[in-house]
Amino acid sequence: MSQETTPPDVIIDLIKVSKVYPPDVHAISDISLTVDRGEIVFLTGMSGAGKTTLLRLISRMEKPTKGMVDVAGFDIAKLPQRNIHLLRRKIGMAYQDFKLLPNRTVADNIAIAMEVVYHTKSFIEKRTRELLDQLDLVKKYGTRTEELSRGEQQRVSIARAVANSPEIVLADEPTGNLDAETTGRVVNLFHQLHRQGTTILIATHDKSLYQHTNSRVIELRHGRLRSSLPETFAPNNEETAIPDLASTPGA
């Protein structure tokens, strides 16, 4: 679907999408999904269900074997290699395996995302410190990421993903290595982005992230879409909410 025919309130549109890896591994099959601008969507399912593949297709790390993937007006299958950077500027991706530069500092890893769009040094430092404060990592500013715990590396990956305040944030198991208190900090950061209009897709096994919200929960099983519905509805709440976990005791 072209940019002209996609409704203006739709930012991600998948139609009958399948991804097959050689020799015959069907990662996802015949998935159709529409995500509105500013929506929060949770992707759930067992390991191997296709959640990560779906995020990789949306971010153009993979191309679909069949079907149409339209993201922010870009037809993923037809997007030339030379123009991928235009799509990536609209997307922040927090990877499950972090993909940090191990011999560079925490600050360097976060700054890279902002340097490629030519933000000033003063802006980059201010934004980096702000994110590290929100994620309780200020003391790690000058620490090489290879010296961090997995939970700390995960938070650096999240900070890098949101540093440019992208239109879309894709988070793959963003709280998998975190205790409850630190999870609360990450959730509150996503909540802040949501209030600013960011579209957020979170692949997670952690039901605490989406229970007691009216956010849409999409379940994948064996590469197929099995359900797409709000998990619960919070009473007297007019906006899609992410629970405030900041006061939850640490695990």
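Here, each number is a calculation from the coordinates, and none is a lab measurement. Computed from a prediction, not measured in an experiment: that's the story for all the values here. Virtual Cβ from ideal backbone geometry, glycine too; neighbours counted across all protein chains shown.
Treating r as the C-beta distance of E181 and Y141 and R0 as 30 Å, the FRET efficiency rounds to 0.90. Peptides 170-176, 34-40, 95-101 ranked from most to least packed by the mean count of surrounding Cβ atoms within 10 Å: 170-176, 34-40, 95-101. Model label points for M46 and I15, set 7 angstrom from Cα along the Cα-to-Cβ axis, are 3.3 nm apart.
Taking the Kirkwood radius as the inverse of the mean 1/r across Cα pairs, report the Rg/Rh of region 101-165.
Working: Rg = 10.5 Å, Rh = 11.4 Å.
Over the Cα atoms of region 101-165, Rg/Rh equals 0.93.
How much space per residue, in cubic angstrom, does the convex hull of the C-alpha atoms of the chain take up?
Here the figure is 138 Å³ per residue.
Between T65 and R195, the modelled label-to-label distance comes to 4.4 nm, taking each label 7 Å out from Cα in the direction of the beta carbon.
Measuring between alpha carbons in the structure, the pairs from K63/K99; K51/K126; K51/K139; K19/K126; K99/K121; K63/K140 lying more than 30 angstrom apart are K51/K126; K51/K139; K19/K126; K63/K140.
Using the Cβ-Cβ distance between T120 and R88 with R0 = 22 Å, the FRET efficiency computed as 1/(1 + (r/R0)^6) comes to roughly 0.60. Stretching D133 away from S149 to a fully extended chain increases their span by 4.0 nm, per 0.36 nm per residue minus the current alpha-carbon distance.
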